[in-house]
Amino acid sequence: MRVLVSEMVLTNSRRPSGTPMPESLSNGQQGADYDSTVFRSTLGLAPVVDFETAVLAGLAPDGGLYVPATLPQITDSQLRQWQNHGYPELAFEVLSLFIDDKVMPAADLRSLVHSSFSTFGHPKVLPHHQLEDDCSVQELFHGPTLSFKDVAMGFVVNLFDYFLTRRGERRTLMVATSGDTGPAAAHASIGRQSIDTWLFFPRGLITDEQMRQMTTVMSPNVHAVAVDNCHNGSDDLDVMISSCFADTEFVEEMQLSSVNSVNWARVMTQTVHYVYGYLQHAKNVGDPVNFAVPSGAFGNVCAGAIARRMGVPIGHFIVANNANTVLGEALSSGTFARPDIKNTLASAIDISVPMNFWRHLYFSLKGDTDRLRDAWQTYVADGVVEFSVQERAAFADGFLTHAVTDDAILETTRETWHDENYLLDPHSAVAVAAARHHRKSVEGPIVCLATAHPAKFPETIRLALGALPLAGAHPSLVEAQTACQRMYICDAAHMQQSIPEVMRQVMRASVETQRDR
Ligand SMILES: Cc1ncc(COP(=O)(O)O)c(C=O)c1O
């Protein structure tokens, strides 16, 4: 049986005036069509599962990504009611559209959400900073590891812990990182009885600050692995992890799962900051607000596109790439390829395999898993897939793209510091440069997503400004400079054989230790 995405799905860049909204929904209730027990794989070959199973699995057994068969909807009247909500309460409202009482009681959800954002270092959780030209910055980096990954990771790991404790089970999480997911997962995993977290990072291709945010975590269930000679950055690590997931015996033995953005819960949680950003910037509900998003694996912008499909009247997404332009090319030409990585100053988006693009394709192509499977097979076999003009029109509607060079990253950092006294990290600079490029192409405010604190990239800031201003430091990173580090080191050439074996040994040793207690 083929289940189509909700009839309510909107394909226009903005909800056209006069388009009827889904029937009025009471606050915090899911849309008529959404069913938390019906999650499918984008490749269509895995059995339908419920929300909890999809989250705990991370990746579907056919190698696809889990998606809800239909999306809940958000009405204008809900948006008006939420206008004065603080971030945690808004997050509760939006997430309760996905997480109904079949999944968990509302009181538990509220408490999970509030505790997830209590670790943020700013009273507003995600404050905004106004720039010139009706552009603003949404600061997503006030979480414990100073990047936007904290915004969803804290909640997702809490969700894992909640489900696993309820079931009396454990999971082993394998996390590949281009620099920021790893620290967020490490921090969120500290002291958890229900999970062991393995972090794999391409040594030399992330900053020292990012590395220490993983290697200085001493919790016995958190294991950092430095992988040397990753010629394709974190994409090489994704390949290794995919092959671990393809080994069903290993998956079973280790109870393997993923909290990378292949996990639906990460993308779902990231829809909230678009609703928040929208409400902070729309003068009236219904006015367009645009988002400029520094993009790598397409998880963040995919979440924004989902928020728009749910009814948030977002105008355009400006997909901001560095020199790794696969997303820009796919959206502008319909050719989706996987070229080699180019190393840039915005290293966390040095990614050429944007897995969440497949989720976006699923919704854009109205749940046609036959087509997705065919496209996926071509992409894997040939390294490139061509989409038709009609297909591209469906998935690129309301998207603009811009590629930002290293020179432009430095120039934008300099200009914004000197003219507006505001310090950007290199990824946020990619967003701001792309927003400025497209300022005249879109109507309404542009919200640039600031995805990392500048203190994580001091070398680039020094390169741009000649010195590191006070705003480019953070006490937690200064402390990590002298803290003890612990990590495994492996060469990319051997990781395929050695890593599963090391993980097995560590798991056996930890089981024995627990038995002896
Ligand atoms: C600082 C920063 N900005 C942007 C991104 C891109 O986000 P996504 O991979 O969801 O596109 C990442 C992670 O990959 C990141 O760490």
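The table below gives the values:
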| item | result |
| --- | --- |
| Scan of region 267-287 for residues that are within 16 Å of the ligand (Cβ to nearest atom) and not small (G, A, S), ordered by number | V267, M268, T269, Q270, T271, V272, H273, Y274 |
| Qualifying residue in region 367-388 (condition: in contact (Cβ under 8 Å) with a residue 60 or more places away in the chain, within 16 Å of the ligand (Cβ to nearest atom) and polar (S, T, N, Q)) | no |
| Qualifying residue in region 245-265 (condition: in contact with a helix residue (DSSP H, G or I) (Cβ under 7 Å, 6 or more places away or on another chain) and under 16 Å from A492 (Cα atoms)) | no |
| Single condition V137 does not satisfy, out of (1) closer than 30 Å to L256 by Cα; (2) of a type outside the set (S, T, N, Q); (3) within 16 Å of the ligand (Cβ to nearest atom) | (1) |
| Search result, residues across region 53-77 that are surrounded by 23 or more Cβ atoms within 10 Å (Cβ to Cβ), part of a loop (DSSP other than H, G, I, E, B) and not β-branched (V, I, T) | G58, L59, A60, G64, L65, L71, P72, Q73 |
| Residue that is surrounded by the fewest Cβ atoms within 10 Å (Cβ to Cβ), among those in region 412-423 that are of a type outside the set (F, W, Y) and in contact (Cβ under 8 Å) with a residue 40 or more places away in the chain | D419 |
| Selection status of F92, of a type in the set (A, V, I, L, M, F, W, C), buried (at least 19 other Cβ atoms within 10 Å of the Cβ) and closer than 27 Å to D287 by Cβ | yes |
| Hits in region 147-187 (condition: over 14 Å from the mean Cα position of the chain (by Cα), more than 15 Å from the ligand (Cβ to nearest atom) and small (G, A, S)) | G168 |
| Residue match in region 237-246 (condition: in a strand (DSSP E or B), in contact (Cβ under 8 Å) with a residue 24 or more places away in the chain and under 21 Å from N356 (Cα atoms)) | no |
| Tally of residues being exposed (fewer than 12 other Cβ atoms within 10 Å of the Cβ) and farther than 16 Å from E329 by Cα across region 374-388 | 3 |
| Residue, surrounded by the fewest Cβ atoms within 10 Å (Cβ to Cβ), within region 97-141, restricted to residues that are under 19 Å from the mean Cα position of the chain (by Cα) and hydroxyl-bearing (S, T, Y) | T119 |
| Sole exception among (1) outside any helix (DSSP H, G or I); (2) surrounded by 16 or more Cβ atoms within 10 Å (Cβ to Cβ); (3) not hydrophobic (A, V, I, L, M, F, W, C) for R486, by number | (2) |
| Residue that is over 23 Å from A473 (Cα atoms), of a type outside the set (A, V, I, L, M, F, W, C) and at pLDDT below 95, where the choices are D133, D161 | D133 |
| Among the residues listed as A396, A403, A433, the single one being touching a residue at least 60 places away in the same chain (Cβ under 8 Å), crowded, with 22+ Cβ neighbours inside 10 Å and under 23 Å from the mean Cα position of the chain (by Cα) | A433 |
| Looking only at region 417-428, and only at residues there that are more than 14 Å from the ligand (Cβ to nearest atom) and charged (D, E, K, R), the one that is farthest from F317 (Cα to Cα) | D419 |
| Conditions (1) within 16 Å of the ligand (Cβ to nearest atom); (2) surrounded by fewer than 24 Cβ atoms within 10 Å (Cβ to Cβ); (3) part of a helix (DSSP H, G or I); number of the one not met by P144 | (3) |
| Within region 429-476, considering residues that are within 14 Å of L146 (Cβ to Cβ) and assigned to a strand (DSSP E or B), the one nearest to the ligand (Cβ to nearest atom) | A452 |
| Number of positions in region 162-183 that are in contact with a Leu (Cβ under 9 Å, 6 or more places away or on another chain) and either of a type outside the set (V, I, T) or on the phi > 0 side of the Ramachandran plot (or both) | 15 |
| Selection within region 360-394 - farther than 13 Å from F336 by Cβ, β-branched (V, I, T) and in contact with a helix residue (DSSP H, G or I) (Cβ under 9 Å, 6 or more places away or on another chain) | T369 |
| Residue check for I206: of a type in the set (A, V, I, L, M) and crowded, with 23+ Cβ neighbours inside 10 Å | yes |
| Among residues of region 212-232, those that are free of Cβ contacts under 8 Å to residues at least 40 places away in the same chain and within 21 Å of the chain's Cα centre (by Cα), counted | 1 |
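The values are calculated or read from the model by the stated rules, or taken from the named source; none is laboratory data. As the structure is a prediction and not an experimental result, all values here were calculated from the model. Counting neighbours? That spans all protein chains shown, and the Cβs are built from the backbone with ideal geometry, glycine included.
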